[in-house]
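Note sheet for the following structure.
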Amino acid sequence: ERLRKRSEFVHLSKTGRRVQNAHFIILFAPGHYQRSRLGVTITKRVGNAVTRNRIKRLFREFFRLNKDSVGDYLDINVIAKKEAAGLTSAETFTQLESLFKKIERYRVC
């Protein structure tokens, strides 16, 4: 249930829609598989390896718990901004939840 290949990330960045807030950017597009898939992008500017891995774990956990709310099958790439390093787990989940609600509004239109 993950995006792994560079070509998948590039295709998503070229064809996908974008929602963002102060901490994260989410790119999404309809997927070609019978499930939603998640990709995570975090640069070294966000923090050291421990910080980046913690954020990745939080993304994956949020996706695991909320992938059914996405509805149709989407490819999703979550990009962390530098400001994301200081968020707690609860704050991260709240920020991601608001972005997933924006995705729902885009898909309804």
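The values are calculated or read from the model by the stated rules, or taken from the named source; none is laboratory data. Predicted, not measured: the structure shown is a model, and the values here were computed from it. Here Cβ is always computed from backbone atoms with ideal geometry, including for glycine, and neighbour counts include all displayed protein chains. All accessible areas refer to the heavy atoms of the entire protein, side chains included, with ligands and DNA or RNA removed. Shrake-Rupley method; radii C 1.70, N 1.55, O 1.52, S 1.80 Å.
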Quick check: at a probe of 1.4 Å, how many percent of the accessible area of the chain sits on carbon and sulfur atoms?
50 percent
Under a 1.4 Å probe, what is the accessible area of the stretch 1-100 per residue, stated in Å²?
59 Å²
Please find the FRET efficiency linking residue 17 to residue 49, where r is the Cβ-Cβ separation and R0 is fixed at 30 Å, and quote it to the nearest 0.05.
0.45
With both bridge residues required to lie in the chain, what share of the DSSP beta bridges run antiparallel, to the nearest 5%?
65 percent
In the neighbourhood of residue 8 defined by beta carbon distances under 10 Å, the net charge of the other residues (Lys, Arg +1; Asp, Glu -1) is +4
Please report, in Å, the Rg and the Dmax of the chain, where both are computed over Cα atoms only.
13.0, 39
